[in-house]
Amino acid sequence: MLSQTAEYALRAVLHIAEHGVNRPVSVGDIAEALAVPRNYLSKTLHQLSRAGILSATFGPGGGFQLSTRAGALTLDRVIAPFDTSGERHCLLGQARCRDSAPCAAHGRWKSISEQIHTFFATTTVADLLKGGAEDLLAVSGSRTASTRRR
């Protein structure tokens, strides 16, 4: 459903929201905690910083913190620099699948796709932290590389 980069971004933002309240969290600490490649994560975090989601502090003791309260930061905003949650892809691989030229699965998939978009647009980082982000991070981190590629 999400690209690997969007997944890393979401996992990193959840980690930062949980551990970066009083001080910035370093890329190395995040990469180690989430078991993701440090260089790839660094580029992802800098994109989030350019998008205004994170603020970066450089130098000794530097790292990343949220630029916005976790309760005001939707998942849709976190993944927007990498993915669009509302973008629908044809389940049957048709290049032109839309309401006026639907595939066989279009009608049923459209409602599911709209629910997914609503989830990302209305769920905040704080909502996930209240709901057990540790479990989400653990499950997400244990997925195999083959399930991450899209």
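Assorted remarks:
Table: residues versus (1) farther than 19 Å from E7 by Cβ; (2) at pLDDT below 85; (3) basic (K, R).
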| site | (1), (2), (3) |
| --- | --- |
| E87 | no, yes, no |
| L91 | yes, yes, no |
| R96 | yes, yes, yes |
| I116 | no, no, no |
| T123 | no, no, no |
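- Count of segment 50-68 residues, restricted to those that are over 11 Å from A9 (Cβ atoms) and either of a type in the set (S, T, Y) or surrounded by 13 or more Cβ atoms within 10 Å (Cβ to Cβ) (or both), is 10.
- Criterion violated by D76 - all others in (1) of a type in the set (D, E, K, R); (2) over 15 Å from the mean Cα position of the chain (by Cα); (3) at pLDDT 85 or above satisfied: (2)
- Single condition R143 does not satisfy, out of (1) in a helix (DSSP H, G or I); (2) modelled with pLDDT under 70: (1)
- When residues of segment 1-46 are limited to those that are closer than 26 Å to A121 by Cβ and of a type in the set (S, T, N, Q), the one modelled with the lowest pLDDT: S3
The values are calculated or read from the model by the stated rules, or taken from the named source; none is laboratory data. Remember, predicted model here, so these are calculated numbers, not experimental data. Cβ sites come from the backbone with ideal geometry, for glycine too, and all protein chains shown count toward neighbours.
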